[in-house]
Structures are given as structure tokens and as C-alpha cells.
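Each remark here refers to the structure printed beneath this line.
Readers should treat all values here as calculations from the given coordinates under stated rules, not as data from a laboratory. Since we're looking at a predicted model, the values are computed, not measured. Counting neighbours? That spans all protein chains shown, and the Cβs are built from the backbone with ideal geometry, glycine included.
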Amino acid sequence: MTFDAVAPLFIRRLYSLLDEAPAKIVSWAPDGQSFVIYDVAGFATQVMPHYFGHQKLATFERQLDYFGFHKCQLPRDAMEMEYCHLDFQRGNLAGLATIRKRFKRDLDPDDRAVVDEIEESILQIKRHVEQNKESLRLLLDCLADLNQDDMPETTYSHLSPRGTHTMAPPPLYLGSKF
């Protein structure tokens, strides 16, 4: 994995730890739009010292906030912590370079709250789009299987002087643009 040199060090380290740290402690969310800390104590004692040189979860959270990350909605009884950022996604190395440290003077608190709410809405929309893409792909696969199973083979005896040729119907291209 190669990083753009302009991505901040904290962001590069965070991305690396999500690929390298034990998944039972911290990993990407299944959709790759955020990351989840499953074992907060293990994260602070085992992972953070290796990547950040300290065990202070509050410092880590402050860094996340400085870079515009925010906590995602989890059930109230959840022990996990999930964080997201519009440009911090699994496989999106180019997006890392756009993440910059925010300063208090950038936005007043009311505007920051509005921006955070908009970013959360955008993230939820992206997740729904990814879920819908996967559902559509599964439906198209099922439809293609049904088409292949239910289509009778056609005999084209009039095309060949030597005898009868049996052919399956032409493939159905469901995912292509016309």
C-alpha cells in the first residue's frame, strides 16, 4: 500500500493500523465507510502504543476530532466506538490527501454542528447506495441464473446442411450499458 506523501502522518498511521491491527480489536466497518474499535481497552494498551507512542484514548479522540472525524450512531448499549470521515474510506488512498487538520477558527460551533450533520447524512446515503448496489448485483445474478435454467435450448436444423445443431440461447447481458 502506498500513501500520498501529502496525507498527514496521523491519517497514514490510522489507515495502516486498520489494515494491520488485530480485527477483534479494531477494523474497518464491513462497508469500508468507517472504522470500529471493538475492544477499547485492547486498542489503548496494545495498538495505540505501537502506532502513536501513547495509550491515551482521549488524545486519540482529540486527533480524530481535529481531522474532522466524528462518532457514528451506534446502539446505546454498544461497547464499540465507530468513527467516520467522508474522505477516510477503505481503498480510497487518494482521499487521504484531502484530509486536513481543522482549527477552531475554521467554523463556529453552530456551523460545525450543521456540517457534521450533513457529513453524517452523506455517509448514510453512501452506505445505502452500497447496500443497494450489492442487493441489485445479487438480484441480477439470480435473474441470470433463472434465465439460464428456464430458457429451452433451440434447435437450428435449417442452418446446417449436415444435420441438427442445438444451441443454448445467447447470454443475457444485464449489467451492461446499451
Notebook entry, point to check: What dipole magnitude, in Debye to the nearest 20, does segment 9-102 give about its Cα centre under +1 on Lys/Arg Cβ and -1 on Asp/Glu Cβ?
Noted result: 380 debye
Notebook entry, point to check: Across segment 43-53, in residue order, what do the Karplus-derived ³J(HN,Hα) couplings come to in whole Hz, using 6.51 cos²θ - 1.76 cosθ + 1.60 with θ = phi - 60° and x for Gly and Pro?
Noted result: 4, 5, 8, 9, 9, 4, x, 5, 9, 10, x
Notebook entry, point to check: Which length gain, in nm to one decimal place, applies between ASN132 and ALA113 when the Cα-Cα distance is subtracted from 0.36 nm times their residue separation?
Noted result: 4.0 nm
Check: Which cross-chain or sequence-distant (5 or more) residues have an amide H under 5 Å from the amide H of HIS70, H modelled 1.01 Å from N in plane?
Finding: CYS84
Notebook entry, point to check: So what's the net charge close to HIS50: Lys and Arg +1, Asp and Glu -1, counting the other residues with Cβ under 10 Å from its Cβ?
Noted result: 0
